[in-house]
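Please read the structure below before turning to the comments.
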Amino acid sequence: MLIKIGFDIEFELRGPTPMVLMLFVHPSRVPDLRAPEELQVEPQVEVFYYSDLFGNRCARLLAPAGNLRLSLETMIEDSGEPDRQSPDAIQHKIEKLPAETLAFLLPSRYCEVDRLSDIAWELFGQTPPGWPRVQAICTWVHDHINFDYQRAHPSKSAFDVYTEKEGVCRDFSHLALTFCRCLNIPARYVTGYMGDIGVPVVLPMDFSGWFEVYLGDRWHTFDARHNIPRIGRILMAAGRDAADVALTTNFGSATLKKFFVISDEVAAIPA
């Protein structure tokens, strides 16, 4: 399957503003690109690229005052298969986990493991460990949290989601992955493209947030918001929570004027 991905984002800046961007596909998906990701910046400024602590591809720039437009469009190959299911994936004992997964057991900005631990064990402590336990968490979050764009706010944490019982995709993911951490399952927040491929078109396209857990010696995709395998997920960045994978970070006043995202299946182009 060939998928067109890209965005067109515009800000109004009051003054010269340093910015960090995380608007690129994850290095693990770079081999699938049919054309390079070429970020267009208007007005033209120098862009510096680097990798962050989690291996995500990032960029930084100093934008002048006025309007700033960021755009990109490219093609990427995808299997066209739904999210891989591994119902027999086992949960590892903490002492057997790879060292690089341990950070994803700890509390983070939006994921209060300490505040939700007793609740998690009460809700899910009797479920079979491993894949069935994570699926039980996803189903509970999916069934108990109401999706509502109007109730989203940038400071909402996993505990807030649990008490308020509403939020957007990042909130569903924060609560589910926090429950996983409470039960000693490494879990990380991820963001990326996920178009309406194989499902009815419900909302305008946006970037999406889901999460991954470490079971059976690999990371697996889970999505408490939709709770069904989806086609065409394109991973962009992974971190402890949404604070680590912000698409744009502005070190100054910035007003969003335009936000357009595309992730659509297209007819294959001969090589």
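The values are calculated or read from the model by the stated rules, or taken from the named source; none is laboratory data. Computed from a prediction, not measured in an experiment: that's the story for all the values here. Note that we place each Cβ from the backbone using ideal geometry, even for glycine, and neighbour counts take in every protein chain shown.
Worth a mention:
- Any hit, the range 91-102, residues being in the same structural domain as I231 (by TED's automatic domain parsing), under 21 Å from the mean Cα position of the chain (by Cα), surrounded by fewer than 16 Cβ atoms within 10 Å (Cβ to Cβ) and free of Cβ contacts under 8 Å to residues at least 40 places away in the same chain: yes
- Subset of the range 139-170 [hydrophobic (A, V, I, L, M, F, W, C), assigned to a helix (DSSP H, G or I) and farther than 20 Å from I228 by Cα]: A158, F159, V161
- Residue check for R225: more than 25 Å from D52 (Cα to Cα) and among the charged types (D, E, K, R): yes
- Unique match (being touching a Ser or Thr at 6+ places or on another chain (Cβ under 8 Å) and aromatic (F, W, Y)) among W131, W121: W131
- The residues in the range 118-172 that are of a type in the set (S, T, Y) and surrounded by 17 or more Cβ atoms within 10 Å (Cβ to Cβ) can be counted, and the count is 2.
- Scanning the range 219-237 for residues that are closer than 16 Å to C180 by Cα and touching a residue at least 40 places away in the same chain (Cβ under 8 Å) returns H220, T221, F222, D223, A224, R225, N227.
- Out of F179, F259, sole residue that is touching a strand residue (DSSP E or B) at 6+ places or on another chain (Cβ under 6 Å), in contact (Cβ under 8 Å) with a residue 60 or more places away in the chain and closer than 25 Å to N146 by Cβ: F259
- Search result, residues across the range 168-213 that are among the aliphatic types (A, V, I, L, M) and under 9 Å from the mean Cα position of the chain (by Cα): V190
- D83 vs. criteria under 18 Å from W131 (Cβ atoms), exposed (fewer than 12 other Cβ atoms within 10 Å of the Cβ) and in contact (Cβ under 8 Å) with a residue 12 or more places away in the chain: no
- For first residues located in the range 146-161 and within 19 Å of F179 (Cα to Cα), partners that are part of a helix (DSSP H, G or I) and among the charged types (D, E, K, R) and lie 6+ apart or on another chain with Cβ distances below 6 Å form the pairs K156/D171; F159/R115; V161/D171.
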